[in-house]
Amino acid sequence: MSGPNTNFDPVRVAALEPEALEEAVSTALAAAAAAAGLDELKAARSAHQGDRSPLALANREIGALPPSAKAEAGKRVGAARARVAEAFATRQSELEMERDARILVEEAVDVTLPTGRRPLGRRHPIELMATRITDIFVGMGWEIAEGPEIEAEWFNFDALNFDEDHPARQMQDTFYVAAPDEVVAHGQAASSHDGGHHDWPSSGLVLRTHTSPVQARALLERGVPLYVACPGRVFRTDDLDATHMPAFHQVEGLAIDEGLTMAHLKGTLDRLASEIFGEGTTTRLRPAYFPFTEPSAEMDLRCFLCHGTNPDCRACKGMGWIEWGGCGMVNHNVLRACGIDPERYSGFAFGMGIDRALMFRTGVSDMRDMIEGDVRFNAQFGMEI
Ligand code: PHE
């Protein structure tokens, strides 16, 4: 029977020597410090903390020691492993912080940068209103016609039964573009649509003051029976203010057929008012004068907001009615000027303001907002339909 191996000095087990442990620790700390990234740290960790690391191997040696030596060796190895573990943990959190800081920089989104997105354009609300109104006419089976904005004086005035000295011809209402002799001199006269029975090609040129000249053009071009609507821009020498614009928009209606009466006019206006301003909106006619209609009337719209019940109404200003345009039975002289027999055909015409309709409907109180070209205005109203 052999006795205890008294010569065996456990402290001398090479791997458990303080110097060896110290060496393993400092190599491990250096490796942890040297790791430049989390992947490198992971590799270093398995080399210095893993199962096959020097300290793990040293730990295993402890089991073979006699009980008396175990505690001290265990303490030494444990302390060494704790230092290594702490060094790795510290380095781990350092590297994680570095990574997070880098990600914050690299993946940062600058929400203040202008985006590549282009704002969507909007159609101008006046144009939308005009389209809406012409659509209603098309729905009633009417045709649409357009005429030139620079118009022969003959169409703007003469064909419409304006006397030579009618006040509307005066300079304060009409923008004159060219006198008759200038038109002839510059050869600017448009081609004749009327088969040559009129002398309009030699008339002067004006910016049309209303859409009514398109009545005469449509009659000459298309003949009768005729149901036509003419939207367009018109011009008058008005100063620009909240309720006047030197260029504004009208839509003209003209119906010529056999047997048309003022009842047809009233019915058409009521239908239009209902379509544009809401079912049940009616119109009323007040006697008036236009050279091209007889009888003539001003047309008012029943206030579609308060129906005449609110003295403070923003749309009708408490009047209950809103002025909307002019109308009447087409004057026989106009029919004759366009080569139509007034004994056989009769009809009605009306003209109303598109800009005004837009103002009532939207509550825009200053017409200047409509023409200033601020896209934010369009954006508010341009999607209406
Ligand atoms: N042209 C007229 C105006 O601008 C309106 C109107 C049109 C009147 C048709 C009667 C018939 O004031």
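Would you mind stating whether residue 273 is closer than 19 Å to residue 301 by Cα and over 37 Å from the mean Cα position of the chain (by Cα)?
Criteria not met by residue 273.
Could you list, in sequence order, all residues of the range 141-178 that are within 25 Å of residue 279 (Cα to Cα) and surrounded by 14 or more Cβ atoms within 10 Å (Cβ to Cβ)?
142, 143, 144
Restricting the first residue to the range 163-192 and requiring it to be within 17 Å of residue 147 (Cα to Cα), which pairs with a second residue that is surrounded by 10 or more Cβ atoms within 10 Å (Cβ to Cβ) and at pLDDT below 85 meet a Cβ separation below 6 Å and a spacing of at least six or different chains?
189/183; 189/201; 192/201
Residue check: is residue 328 open to solvent by less than 60 Å² (accessible area, probe 1.4 Å) and not hydroxyl-bearing (Ser, Thr, Tyr)?
For residue 328, the condition - open to solvent by less than 60 Å² (accessible area, probe 1.4 Å) and not hydroxyl-bearing (Ser, Thr, Tyr) - is met.
Quick check: anything in the range 127-147 over 37 Å from the mean Cα position of the chain (by Cα) and either hydrophobic (A, V, I, L, M, F, W, C) or closer than 30 Å to residue 373 by Cβ (or both)?
Checked against the condition, which is being over 37 Å from the mean Cα position of the chain (by Cα) and either hydrophobic (A, V, I, L, M, F, W, C) or closer than 30 Å to residue 373 by Cβ (or both), the range 127-147 yields no hits at all.
Say we look at the range 326-364 and pick out the residues that are more than 16 Å from the ligand (Cβ to nearest atom) and within 21 Å of the chain's Cα centre (by Cα); which of these is nearest to residue 142 (Cα to Cα)?
Here the residue is 358.
Of all residues in the range 229-276, which are surrounded by 22 or more Cβ atoms within 10 Å (Cβ to Cβ) and either under 14 Å from residue 324 (Cα atoms) or more than 14 Å from the ligand (Cβ to nearest atom) (or both)?
249, 250, 251, 252, 253, 269, 272, 273
Under 8 Å between Cβ atoms, at least 6 apart or on separate chains: pull out the pairs that start in the range 289-309 with a residue that is more than 16 Å from residue 346 (Cα to Cα) and assigned to a strand (DSSP E or B) and end on any residue that is of a type in the set (S, T, N, Q) and open to solvent by less than 50 Å² (accessible area, probe 1.4 Å).
289/296; 290/296; 299/283; 300/283; 301/281; 301/283; 302/281; 302/283
Is it the case that some residue within the range 85-94 is under 30 Å from residue 381 (Cα atoms) and without any contact (Cβ under 8 Å) to a residue 24 or more places away in the chain?
Looking through the range 85-94, none of the residues is under 30 Å from residue 381 (Cα atoms) and without any contact (Cβ under 8 Å) to a residue 24 or more places away in the chain.
Could you identify the single residue in 294, 323 that is acidic (Asp, Glu), over 41 Å from the mean Cα position of the chain (by Cα) and open to solvent by 10 Å² or more (accessible area, probe 1.4 Å)?
That would be 294, the only listed residue that is acidic (Asp, Glu), over 41 Å from the mean Cα position of the chain (by Cα) and open to solvent by 10 Å² or more (accessible area, probe 1.4 Å).
Can you list residue pairs whose Cβ atoms sit under 6 Å apart, with the first residue in the range 53-64 being in contact (Cβ under 8 Å) with a residue 24 or more places away in the chain and the second being open to solvent by 60 Å² or more (accessible area, probe 1.4 Å) and in a helix (DSSP H, G or I)? Count only pairs 6 or more apart in sequence or on different chains.
Listed pairs, sorted by first residue: 55/81; 62/70.
May I ask you to verify whether residue 304 is crowded, with 19+ Cβ neighbours inside 10 Å, within 14 Å of the ligand (Cβ to nearest atom) and among the aromatic types (Phe, Trp, Tyr)?
Here the answer is no, as residue 304 does not meet what is asked.
The values are calculated or read from the model by the stated rules, or taken from the named source; none is laboratory data. Keep in mind that this is a model prediction, so the values were computed, not measured. Positions of Cβ are backbone-derived with ideal geometry, glycine not excepted, and every protein chain shown enters the neighbour counts. In case anyone asks, the SASA skips ligands and DNA or RNA and just uses the protein heavy atoms, side chains included. Shrake-Rupley method; radii C 1.70, N 1.55, O 1.52, S 1.80 Å.
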